[in-house]
Amino acid sequence: MPSSKAILFVATNDELASIAREVASNTEDSVKVEIVMGNPMSALEIARDADRHGFGAIVSRGTTSRIMSGSGVAIPVIQVRVTGYDAVRALLAAKRHAHHVGIVGSDDMIRWLDGLGGLLGVEVSTRFAESWEQIGAAIRSLRDEGVGAIVGWNLVQRRATEMGLPFVPLSSGREAVHDALAEARSVANARWREAERAERLKAILSSVTNAVVAVDSDGAITHFNQAAESMVGISSDQAIGRHISTILKSEQTDRLRVDSESRGEWVEKVGSLTVLARSETIVVDNRVAGAVFSLDDVTRIRELERIVREEVRDTGHMSKHRLSDIVGTSGRMAEAVELAERFAKVDSTVLIEGETGTGKELFAHGIHSASARRDGPFVAVNCAAIPETLLESELFGYAPGAFTGARQSGKPGLFEMAHRGTMFLDEIGEMSGPLQARLLRVLQERETMRVGGVRVIPIDVRVIAATNKDLFGLVQRAEFRDDLFYRLSVLNLHIPPLRERPEDLPLLAEHLMRSVAARLQRRPRRFSSEAVTVLQDYSWPGNVRQLENTIEQLVAVGEERQPVERAEVDRVLARYAASGGRSPQSGSAPAVGNATAALTPAREPDGAYENSSLRQIETEVILRTLEEAGGNKAETARRLGISKTTLWRRLKQIDAKG
């Protein structure tokens, strides 16, 4: 196509050229009209030259236009048609010479003039003629018939003059030229748009790294990108027009057919390469119009997967635990682990329920590690730990410029990062209604869309959700979507609280002692039988997390070479009285304001606390823990098992009392 849009107007006489210049100059359009003189003898040369220069369309009339139309060039030729005005003007002019007028020319000219004779009081005789010889014979025949004047195109004039007959040219008026140029612009613009689409498609196909081959409904190749050239070893010029089966000599020949069923994925041999082949049909107006085949080098796919796994590992979105890491020999725990192993073998959504600190995330890690997605990412997010205004953009990402302060490049969401892996949504019961609706769509459609974006992103993600709340109760109170609840709880796993499996305490305490001691770079301590009894008698409202916190305190402040005695355990557990605790049935986080109900060991603690009031114990525990944490309030709150807001409020009360 030319760099600037242009139409070539071929005028067969000076009058037509003048009209074309006038019409073109009075039309506000970016399309340039170039005007040249021509006739039937020069028509072929003009058409071929216009094709070489990339004109969008050619406009001419009569025999000249018909010769250019049949020249074999790709440029469309628009004919300046004879209008009623043109025909009337020509016949009235011829009537001044004679009442019997002869018309020599093409079919369209004859059609217009022949029917007007009776209306204008003129006897009309017609002869079809286009070549020089035909024109001569036609005029002689009309002269012998008694015709007194000839009407026709310019080419007829010379012959009529030679035979002594008056000649009236059939001139195209402004209306005909205007209509022809308007049609030419429309046709040319359509060609330019189609050429632009073709170039865009070519650029897209050239930019993709996998080989792409498109075929028509007969299997003939229509597109063959650069990657396909490199893979197959032939150029696109050599490939286009050939049948797909001559390029892909597949053992699975049925895969290369072009019909409504020709879509799928299979492994193929192309030369020395093993490729993953995919096919997709092209359907237009419910009719199969072709197919697209894409070929990926299997070696390259494996290398890309290796790179992706390394990148995912660098971001930390990898599973860190296995089901075998779960410590416990009780029947309840063994049943939960066995059920988790079964869940790992399928790809359905899982809802894990259990009190705070029971190890729900550990089970989620384990299910992922035992599943077919083990090599994919494991992305965990706590729905209660991130403000609602940020959680949406974290989960779904955002498009460039989606909001003030957003990255100009946008940001992928966690669901995108979890592609081909597992998304773990902890504290799902804290998710707001609007986000529940978005999550439901992800689960239903297996696709996501960034905040402020318009592009749908397909994803392949398994979702594991967890909650310490009675989610079904929330559904009944209309605080959680029932449709989302049923989507999440396809598979349901309940983790028993620690108080319901006291037989696991000795083994679990020893395991945590070794783990915590290694982390703190201290020697692990041995538990006395009395200390173990105290641990088993305690209700553990914070479950395993609270047990680990307890053991960390025993390791951090105790004598390394001395066994853990009952009195030490009692003193540490007394701290939970100060931080509030919770009843074993509540399932809610500890609240300092409920301190009187929190002391749940079987025996009263002895030592420094036995003569102190509960409020004094609370104050001493908070201040001592704050000191041990180096003044770090976040760490202090974590060790006490309370929120930072609760700690701040208690410290403010302590300061007020002096």
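The values are calculated or read from the model by the stated rules, or taken from the named source; none is laboratory data. Keep in mind the model is a prediction, meaning the values are calculated, not measured. Using ideal geometry, Cβ is built from the backbone for each residue, glycine included, and neighbour counts are taken over all protein chains shown.
Exactly one residue out of 500, 530, 479, 447 is out of contact with any Pro (no Cβ under 7 Å at 6 or more places or on another chain), among the acidic types (Asp, Glu) and assigned by TED's automatic domain parsing to the domain that holds residue 415, and it is 479. Going through (1) within 37 Å of the chain's Cα centre (by Cα); (2) of a type in the set (Asp, Glu); (3) closer than 28 Å to residue 21 by Cβ one by one, residue 199 falls short only on (3).
With respect to residue 329, is the statement that it is at pLDDT below 80 and either exposed (fewer than 14 other Cβ atoms within 10 Å of the Cβ) or not assigned by TED's automatic domain parsing to the domain that holds residue 420 (or both) true? No; evaluated as a whole, the condition is false for this residue. For region 49-74, filtered to residues that are without any contact (Cβ under 8 Å) to a residue 40 or more places away in the chain and within 12 Å of residue 8 (Cα to Cα), the residue that is surrounded by the fewest Cβ atoms within 10 Å (Cβ to Cβ) is 49. Residues in region 62-85: is at least one touching a Leu at 6+ places or on another chain (Cβ under 6 Å) and either within 20 Å of residue 138 (Cβ to Cβ) or not polar (S, T, N, Q) (or both)? No, region 62-85 contains no residue that is touching a Leu at 6+ places or on another chain (Cβ under 6 Å) and either within 20 Å of residue 138 (Cβ to Cβ) or not polar (S, T, N, Q) (or both). Here the strands (runs of 3 or more DSSP E) wholly within region 400-514 that include at least 3 residues being more than 30 Å from residue 525 (Cα to Cα) and aliphatic (A, V, I, L, M) are 461-467. Summed over region 344-375, the residues that are among the aliphatic types (A, V, I, L, M), more than 16 Å from residue 420 (Cβ to Cβ) and not in a helix (DSSP H, G or I) give a count of 5.
Quick one: in region 616-640, which of the residues that are of a type in the set (S, T, N, Q) and closer than 15 Å to residue 652 by Cβ is surrounded by the fewest Cβ atoms within 10 Å (Cβ to Cβ)? Step by step, filter region 616-640, then rank; the result is 619. Counted as qualifying within region 38-152 are the helices (runs of 4 or more DSSP H) with 1 or more residues that are among the aromatic types (Phe, Trp, Tyr), modelled with pLDDT under 90 and more than 19 Å from residue 163 (Cα to Cα), namely 84-95, 107-114. Taking region 519-534 as the range and being over 53 Å from the mean Cα position of the chain (by Cα), of a type outside the set (Gly, Ala, Ser) and in a helix (DSSP H, G or I) as the test, the residues that pass are 530, 532, 533, 534. Might you check whether a residue that is of a type in the set (D, E, K, R) and under 60 Å from the mean Cα position of the chain (by Cα) occurs anywhere in region 111-126? Yes; the residues of region 111-126 include at least one that is of a type in the set (D, E, K, R) and under 60 Å from the mean Cα position of the chain (by Cα).
Among the charged types (D, E, K, R), surrounded by fewer than 19 Cβ atoms within 10 Å (Cβ to Cβ), outside any loop (DSSP other than H, G, I, E, B) and more than 60 Å from the chain's Cα centre (by Cα): does that describe residue 159? For residue 159, the condition - among the charged types (D, E, K, R), surrounded by fewer than 19 Cβ atoms within 10 Å (Cβ to Cβ), outside any loop (DSSP other than H, G, I, E, B) and more than 60 Å from the chain's Cα centre (by Cα) - is not met.
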